[in-house]
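Asker: I am attaching a structure below and will ask some questions about it afterwards.
The values are calculated or read from the model by the stated rules, or taken from the named source; none is laboratory data. Please read all numbers here as calculations on a predicted model, not as lab measurements. Note that each Cβ is placed from the backbone with ideal geometry, even for glycine, and that neighbours are counted across all protein chains shown. These accessible areas exclude ligands, DNA and RNA; they are computed on the full protein's heavy atoms, side chains included. Shrake-Rupley method; radii C 1.70, N 1.55, O 1.52, S 1.80 Å.
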Amino acid sequence: MTAISLGMPDVPTKLADRRVSRKIQVGPVAVGGDAPVSVQSMTTTRTSDIGATLQQIAELTASGCQIVRVACPTQDDADALPVIARKSQIPVIADIHFQPKYVFAAIDAGCAAVRVNPGNIKQFDDQVKEIAKAAGDAGTPIRIGVNAGSLDRRLLQKYGKATPEALVESALWEASLFEEHGFRDIKISVKHNDPVVMVNAYRQLAAQCDYPLHLGVTEAGPAFQGTIKSAVAFGALLSEGIGDTIRVSLSAPPAEEVKVGISILESLNLRQRRLEIVSCPSCGRAQVDVYKLADEVTAGLDGMEVPLRVAVMGCVVNGPGEAREADLGVASGNGKGQIFVKGEVIKTVPESKIVETLIEEAMKIAEQMEKDGIASGEPTVAIAG
């Protein structure tokens, strides 16, 4: 008689295989192919202010940003690029609009890549041969960045508005001009402020080329709205294996963009998870102040450098189950909490001691994980109920 396992079923670690794309190098960061999905942002300083720009790049680097883009609308900005590219801790992409001469300046400056917008560089197409040669000789990738707000007038007349088809046609047309000169060190973006249009554009683009794709919902809006838009759009595409590098566009400090981008990747198991709070929603079953517990545990574990899941539960319905699934957890009720470590109850403490006990036990687990060599990841905390 064949034995039947009644254990927990295997849980898929990813939603879909990654789309097969060619790999390019943006400085030391690989984009596309089998490389991890990377997180980008853009400085808000005037690039000509070298000190302020490098300071912001340092802050972005500390927040986990892997690639940074800087604007280059003036000659003063172009003149600052060599120092910024040399002193930045992460690869610098020069963002070029309107004037092709700055593309050459960025390549000469040693930027890791150059972004060009085919919709607003009027003389750009006539200089593709020269740009392709300069970029090819320097090993500098080009990002063809199509935006709904600056789509070529010819395509607006053809399609009536910035449809997915219009965005894709613009990108592939520009790519074809480079291909004519043997240059394929390209990544592409087709950004729109509407997540539905954006998702459809990237799906079409993914089916029609093998270039790595840079995902973005352009002008996504203030932090809350932009986070929702980006999470929905990126989640839809990344869950289908589409996307090689991302930038969350928020009307907020750049480090907030990075924070959201990293969280999106962690949620899809595309990046080792960091501190994650999984807390129960407000409901009549909760017998403790879960909001307060969540905030206090998060603050107490801030900065921990090991992958750790902590569940803080507010009632007896979901509490014990969630707490057992975590590395560390508490099931709360009736003025006390059962503390779980690796699925086993180790003690029961008064409600006033829950936070203190969880932090103490988390430190013990972290210390053991570090001894075991499990310190390269980042902590995961779940607070639920």
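Asker: Here is a check on your reading of the model: is residue 339 at pLDDT 80 or above, open to solvent by less than 30 Å² (accessible area, probe 1.4 Å) and either part of a helix (DSSP H, G or I) or in the same structural domain as residue 262 (by the TED database) (or both)?
Answerer: In short, no.
Asker: Check the range 144-159 and report whether any residue there is without any contact (Cβ under 8 Å) to a residue 60 or more places away in the chain, in contact with a strand residue (DSSP E or B) (Cβ under 9 Å, 6 or more places away or on another chain) and closer than 22 Å to residue 41 by Cβ.
Answerer: yes
Asker: Still on this structure: Out of 166, 206, 201, 223, report the one residue that is modelled with pLDDT under 95 and either more than 21 Å from residue 126 (Cβ to Cβ) or open to solvent by 10 Å² or more (accessible area, probe 1.4 Å) (or both).
Answerer: 223
Asker: Could you please give the count of residues in the range 321-362 that are under 24 Å from residue 306 (Cα atoms) and in contact (Cβ under 8 Å) with a residue 60 or more places away in the chain?
Answerer: Of all residues in the range 321-362, those under 24 Å from residue 306 (Cα atoms) come to 321-331, 338-347, 353-362.
The next check asks that each one be in contact (Cβ under 8 Å) with a residue 60 or more places away in the chain; those that pass are 322, 354-355, 358-359, 362.
Residues meeting the conditions: 6.
Asker: Step by step: first the residues of the range 68-79, then only those that are touching a strand residue (DSSP E or B) at 6+ places or on another chain (Cβ under 9 Å) and farther than 21 Å from residue 262 by Cβ, then the one that is most open to solvent (accessible area, probe 1.4 Å). Which residue is that?
Answerer: Ranking the candidates gives 73 first.
Asker: Got at least one residue in the range 251-262 being touching an Asp or Glu at 6+ places or on another chain (Cβ under 7 Å) and either of a type outside the set (A, V, I, L, M, F, W, C) or modelled with pLDDT under 80 (or both)?
Answerer: Checking the range 251-262: not a single residue is touching an Asp or Glu at 6+ places or on another chain (Cβ under 7 Å) and either of a type outside the set (A, V, I, L, M, F, W, C) or modelled with pLDDT under 80 (or both).
Asker: Here is a further query. Can you confirm whether the range 35-57 contains a residue that is within 21 Å of the chain's Cα centre (by Cα) and under 19 Å from residue 134 (Cα atoms)?
Answerer: The answer is no; no qualifying residue exists.
Asker: Can you pull out the residues in the range 211-253 that are polar (S, T, N, Q) and part of a helix (DSSP H, G or I)?
Answerer: 225, 227, 230
Asker: Now a separate question. Return the pair list, or none, for Cβ contacts closer than 7 Å from residues in the range 196-216 that are farther than 12 Å from residue 246 by Cβ and in contact (Cβ under 8 Å) with a residue 40 or more places away in the chain to residues that are open to solvent by less than 20 Å² (accessible area, probe 1.4 Å) and among the β-branched types (Val, Ile, Thr), at least 6 apart or on different chains.
Answerer: 204/168; 206/242; 208/168; 211/186; 211/188
Asker: Give the number of residues within the range 17-34 that are in the same structural domain as residue 111 (by the TED database), under 16 Å from the mean Cα position of the chain (by Cα) and open to solvent by 20 Å² or more (accessible area, probe 1.4 Å).
Answerer: Number of matching residues: 2.
Asker: Next up: With 149, 139 as the choices, which residue is more than 27 Å from residue 108 (Cβ to Cβ) and open to solvent by 20 Å² or more (accessible area, probe 1.4 Å)?
Answerer: 149
Asker: Which one is modelled with the lowest pLDDT, of the residues in the range 357-377 that are aliphatic (A, V, I, L, M) and either open to solvent by 90 Å² or more (accessible area, probe 1.4 Å) or over 14 Å from residue 340 (Cβ atoms) (or both)?
Answerer: Ranking the qualifying residues of the range 357-377, first place goes to 375.
Asker: Could you check the range 339-361 and list, in sequence order, the residues that are closer than 18 Å to residue 296 by Cβ and polar (S, T, N, Q)?
Answerer: 352, 357
Asker: Conditions first: (1) over 21 Å from residue 298 (Cβ atoms); (2) not charged (D, E, K, R); (3) not in a strand (DSSP E or B). Residue 366 passes all but one, so which condition is the exception?
Answerer: With respect to (1) over 21 Å from residue 298 (Cβ atoms); (2) not charged (D, E, K, R); (3) not in a strand (DSSP E or B), residue 366 is out only on (1).
Asker: Within the range 215-237, identify whether any single residue is within 13 Å of the chain's Cα centre (by Cα) and under 21 Å from residue 25 (Cβ atoms), and answer yes or no.
Answerer: Yes, there is a match, as at least one residue in the range 215-237 is within 13 Å of the chain's Cα centre (by Cα) and under 21 Å from residue 25 (Cβ atoms).
Asker: Something else about it: Can you tell me which residues in the range 337-353 are farther than 17 Å from residue 294 by Cβ, over 35 Å from the mean Cα position of the chain (by Cα) and of a type in the set (Lys, Arg)?
Answerer: Matches in the range 337-353: 347 only.
Asker: Which of (1) assigned to a loop (DSSP other than H, G, I, E, B); (2) more than 25 Å from residue 230 (Cβ to Cβ); (3) modelled with pLDDT of 95 or more is the odd one out, the single condition residue 4 does not satisfy?
Answerer: Single failed check for residue 4: (3).
Asker: What are the residues in the range 35-67 that are buried (at least 17 other Cβ atoms within 10 Å of the Cβ), free of Cβ contacts under 8 Å to residues at least 60 places away in the same chain and small (Gly, Ala, Ser), if any?
Answerer: 48
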